[in-house]
Amino acid sequence: MKAIETNPDTRVIVVTAGTQVAFDLYSDDGMEYLSALWLKISAQRRLMYEVSWMGVPFIQLAEDLAMMHELVWKLQPDAIIECGIGQGGGLIFYSSMMELLGKGIVVGVDIEIKDQNRQRLDACPFRRRMELVEGSSVATDVVERVGKLVEGMNSVMVILDSDHTAAHVARELELYHRFVKPGGYLVVMDGGAAHVWDIPRDQSKYKDNHPLLAVDDFLKSHLEFEIDPHYNRLGITSSPSGFLRRKPPAS
């Protein structure tokens, strides 16, 4: 890493198409701007693909992995529902957390579980903690199968990490929020797509079609949920405004 000397008055200037923004490096604005810029760089360089768990790609930023660890340890859920399992790193991570807790299952939902991913999961030492459901996360029969797997459980955490279009996430929110009880969490991953549509590696498809649009609409009609900023406190995150807590009963 290149050594750079600074002082309390150091300012950063960002110039884009002739428009200039300046901020104090060590201010709150400085952290916000630099975190946003680092998210763009991370997406451009696909740094989320550099993070793995037990040798399997997790496909999330390291900061988000750390936050998910904190959240699971805090909640100690009986079940975690993960919609969109990718290569399986997340499923292995959550099942290893369940093993540490000594209880619970992880329900992995994916429209297609490829043979190589299934074999990888079958070889996992925590396979007994996993339940795999193949099919669209918004299909009626899939949601029913998931519901039966978590039926009667006191604490269920939901993670939405499949198709990141606004319409799909909105549908998942409507279908899966019922599994989360007061005090529990529903995590919408990769809302950061709304902030990286303009990177050189063309992501313009997300400019007006991303998870945050679904989150905004969901919160307007589901006042029992709120954004918990605690799990975005590191600044750098793929899931800004994505940690949704179901409010506990008023005391």
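The values are calculated or read from the model by the stated rules, or taken from the named source; none is laboratory data. None of the values given here were measured: they were computed from a predicted structure. Here Cβ is always computed from backbone atoms with ideal geometry, including for glycine, and neighbour counts include all displayed protein chains.
Would you confirm whether or not the range 91-107 contains a residue that is out of contact with any helix residue (DSSP H, G or I) (no Cβ under 7 Å at 6 or more places or on another chain) and charged (D, E, K, R)?
yes
Inside the range 139-164, can you point out the residues that are surrounded by 17 or more Cβ atoms within 10 Å (Cβ to Cβ), out of contact with any Leu (no Cβ under 9 Å at 6 or more places or on another chain) and assigned to a loop (DSSP other than H, G, I, E, B)?
Of everything in the range 139-164, those that are surrounded by 17 or more Cβ atoms within 10 Å (Cβ to Cβ), out of contact with any Leu (no Cβ under 9 Å at 6 or more places or on another chain) and assigned to a loop (DSSP other than H, G, I, E, B) turn out to be Asp161, Ser162, Asp163, His164.
Test of understanding: among Leu223, Leu175, Leu219, which residue is surrounded by 19 or more Cβ atoms within 10 Å (Cβ to Cβ), at pLDDT 95 or above and within 29 Å of Leu149 (Cβ to Cβ)?
None of the others qualify; the one that does is Leu175.
One residue is enough: does the range 180-190 have a residue meeting the conditions surrounded by fewer than 20 Cβ atoms within 10 Å (Cβ to Cβ) and in contact with a Phe, Trp or Tyr (Cβ under 9 Å, 6 or more places away or on another chain)?
Checked against the condition, which is being surrounded by fewer than 20 Cβ atoms within 10 Å (Cβ to Cβ) and in contact with a Phe, Trp or Tyr (Cβ under 9 Å, 6 or more places away or on another chain), the range 180-190 yields no hits at all.
Given (1) surrounded by 21 or more Cβ atoms within 10 Å (Cβ to Cβ); (2) in contact with a strand residue (DSSP E or B) (Cβ under 7 Å, 6 or more places away or on another chain), where does Met68 come up short, assuming only one miss?
Evaluating Met68 over (1) surrounded by 21 or more Cβ atoms within 10 Å (Cβ to Cβ); (2) in contact with a strand residue (DSSP E or B) (Cβ under 7 Å, 6 or more places away or on another chain) leaves (2) as the failure.
For the structure I just gave you, tell me whether Ile113 is modelled with pLDDT under 95, of a type in the set (A, V, I, L, M, F, W, C) and either under 15 Å from the mean Cα position of the chain (by Cα) or farther than 19 Å from Gly184 by Cα (or both).
For Ile113, the condition - modelled with pLDDT under 95, of a type in the set (A, V, I, L, M, F, W, C) and either under 15 Å from the mean Cα position of the chain (by Cα) or farther than 19 Å from Gly184 by Cα (or both) - is met.
Residue by residue through the range 122-138, note down the ones that are within 14 Å of Ile105 (Cα to Cα), out of contact with any strand residue (DSSP E or B) (no Cβ under 9 Å at 6 or more places or on another chain) and either part of a loop (DSSP other than H, G, I, E, B) or outside the structural domain of Tyr176 (by TED's automatic domain parsing) (or both).
Selection gives Pro125 alone.
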